[in-house]
Amino acid sequence: MRRPRRGAAGRGAAGAARRAARDLLAAPAEEAGSASLARLVAASLVSGAVVGALGAAFRASLAEAERLREAMIAWSSTHPGLGWLAPMLAVAACAATARFLVMRFAPTAAGSGVQHVEAMMRGEAKPSPPEVVPVKFLGGVLALGSGLALGREGPTVQMGATVARITGRAALRGETDRALVDAGGAGAGLAAAFNAPIGGAVFVCEELAGRFSPRLLLAALASIAAAVAVMRWLLGDSIDLPAAQDGPPAAWIMPFFLALGILLGLFGKLYNLATVGLLRLTDGAAPRGSLLRAAAIGAGVGLLVWFAPAMVGGGERLAGAILRDALPLRELLLICLVRCVIGPLCYAAGTPGGLFAPLLLLGAATGASFAGALNLAVPGLGLPMVAFAVVGMAGLFTGCVQAPLTAIVLGVEMTGRHDLALAMLVGAFGAMLAARWVRSPPIYESLRQRMRAAR
């Protein structure tokens, strides 16, 4: 019998992966034997444990890189004349190196990586190669640790999906079950990044797969539980962005939360347009031009590291200060101005790094500024700025990503403000309504379409 050509076999494997992706996204019900289910859960637990350890190592490495950056700033300050050159050159070198690693070893590691995982889940892209894991790890530490305004969750999500794919291929025979384990690994990466296990599970069903099913939930819950358990064992269990506890807001404040959500839904469209627009400006750039662009963006961030070191990086410290009600209105407005510029700009560098954390900071600053401005305009109004900061986080996340359930659950888990669940729901509703009204596509849908067009 005639043997099939290699090209035909490759197309057959790709077709099987696409069919598995369609099954994952569209199947209304799933049936499988107990042995198959046991293998699925076992693979999810193993991959989750590995993702948890990897996520903990990534977070610890970022903390050490931030400490080194602060030491460099302290040393540079002893040379006031030319001290600004050190951070400028260092950040430029780190950004260029991170971009080189992506270009040379794993092009799919550029940016957040969430859009690639989503494309993979939909059968629109091949799974990331194993090289993505070291490139995403090292490139992420260089980019985020040096001060680029990017988030740690993008690298952990893509590393999680890649680790899960390796585990699934070793333990499972069916492409559908492998896709389920991939989704669980991605959710484990998000959960480990933010210490938010429920948020990771909701992210898998709402954003990655777009549906809930018992088998998908089993894979996601097993992977996320193992990842967060390992991460907490290694790093401890603490809320990432604890917010000041000032009591639940009164009912009469709810219309103000709705107004903030609508504003953030409109703002989210502008932020998405800026992010995608800056990326389009770089389309077709030669490799050398791509490296020079990353270095130039890094140099600009390096100057900001010198003049305003609190403004750079993922923004966890600034967000924490906002949620403690520790910043005046003038500083909040400055944060909004600076971060809405450097966020899309840093993403255009093409290094590893996510969008979630910068959105959370910008949303918190916008929400607190909204309340502070109204309090200043109407003396005696007394809107709680911390509550508006928390709702702002969920609102801008919803306006840009259009995953309101993920936004609300992450807001609750990361801030500890369970009493603001209704306020976040109202704000997310307003943001979702405004985003849909102005026909703003979700940011990862836009990035996924751009990725497909570039193939």
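Read-outs: derived from the displayed coordinates by stated rules, not from any lab. For clarity, every value in this text was computed on a predicted model and none was experimentally measured. Heads up, the Cβs are rebuilt from the backbone with ideal geometry, glycines too, and the neighbour counts pull from every protein chain shown.
Exactly which trypsin sites (Lys or Arg not before Pro) in segment 189-249 are in a DSSP loop and have at most 14 other Cβ atoms within 10 Å?
Of the trypsin sites (Lys or Arg not before Pro), the ones in loops of segment 189-249 whose Cβ has at most 14 other Cβ atoms within 10 Å are Arg211.
Under Stokes-Einstein, with the Kirkwood radius over Cα pairs standing in for Rh, what whole-number D in µm²/s applies to segment 204-333 at 10 °C and 1.306 mPa s?
80 µm²/s
Two-decimal Rg/Rh of segment 61-215 from alpha-carbon positions, Kirkwood Rh?
On the Cα set of segment 61-215, Rg over Rh gives 1.08.
Nearest 500 deg cm²/dmol is fine: what mean residue ellipticity at 222 nm does the chain get from its DSSP H runs of n ≥ 4 alone, each adding -39,500 (n - 2.57), divided by its residue count?
Rounded to the nearest 500, the figure is -24500 deg cm²/dmol.
Order 368-377, 94-103 from most to least packed using the mean count of other Cβ atoms within 10 Å.
Details: 368-377: 19.2, 94-103: 24.3.
Packing proxy ranking, top to bottom: 94-103, 368-377.
With a point put 7 Å past each Cα toward its Cβ, work out how far Thr78 is from Ala251 in nm, to one decimal.
It is 6.3 nm.
Length gain on complete extension for the stretch Leu270 to Val438, per 0.36 nm per residue less the alpha carbon to alpha carbon distance?
59.4 nm
Please work out the ratio of the alpha-carbon Rg of segment 251-453 to 2.2 N^0.38 Å and round it to two decimals. Write out the running numbers ahead of the final one.
On the way: Rg = 17.1 Å, N = 203, 2.2 N^0.38 = 16.6 Å.
This ratio for segment 251-453 stands at 1.03.
At a 10 angstrom cut-off on C-beta neighbours, averaged per residue, how do the peptides 113-123, 251-261 rank from highest to lowest? Each step should come with its number before you reach the end.
Working: 113-123: 25.2, 251-261: 18.6.
Highest-to-lowest ranking by the protection proxy: 113-123, 251-261.
Quick one: net charge around Ala407, please, counting Lys, Arg +1 and Asp, Glu -1 for every other residue with C-beta under 14 Å from its C-beta.
-3
Report the Cα centroid-to-centroid distance between segment 69-100 and segment 381-453 in angstrom, as an integer.
35 Å
So for the chain, taking the charge dipole from beta-carbon charges (+1 Lys/Arg, -1 Asp/Glu), which of Gly168, Ala435, Leu270 sits furthest toward the positive end?
Gly168
What does the charge count around Ala38 come to, taking other residues whose C-beta lies under 13 Å from its C-beta (Lys +1, Arg +1, Asp -1, Glu -1)?
Details: positive: Arg39, Arg215; negative: Asp177.
Summing Lys/Arg as +1 and Asp/Glu as -1 gives +1.
Work from the charge dipole of the chain (Cβ charges, +1 for Lys and Arg, -1 for Asp and Glu, about the Cα centre) and give the residue of Ala209, Gly300, Ala149 farthest towards its positive end.
Value computed over the given set: Ala209.
In whole angstrom, how long is each semi-axis of the equivalent ellipsoid of segment 383-443, when you take the square root of 5 times every eigenvalue of its Cα gyration tensor and sort them from largest down?
Over the Cα atoms of segment 383-443, the semi-axes work out to 20, 11, 8 Å.
Of the peptides 84-91, 193-200, 341-348, 161-168, how do they stack up when ordered by the mean number of other Cβ atoms within 10 Å, highest first?
Working: 84-91: 20.1, 193-200: 25.2, 341-348: 21.8, 161-168: 27.4.
The densest-packed peptide leads the list: 161-168, 193-200, 341-348, 84-91.
Assign one of three labels to segment 356-415, namely rounded, prolate or oblate, based on the Cα gyration tensor with a ≥ b ≥ c the square roots of its eigenvalues; rounded applies when a/c is under 1.5, prolate when it is not and a/b is larger than b/c, and oblate otherwise.
Prolate is the answer for segment 356-415, as a/c is 1.5 or above and a/b outweighs b/c.
Please compute, for the alpha-carbon atoms of the chain, the extent along each of the three principal axes and give them in descending order in Å.
83, 55, 43 Å, listed from the longest principal axis down.
Return the FRET efficiency for the residue pair Leu337, Ala296: r is the Cβ-Cβ distance, R0 is 22 Å, and the value is rounded to the nearest 0.05. Mind showing how you got there, number by number?
Values: r = 21 Å, r/R0 = 0.95.
With R0 = 22 Å, the Cβ-Cβ based efficiency is 0.60.
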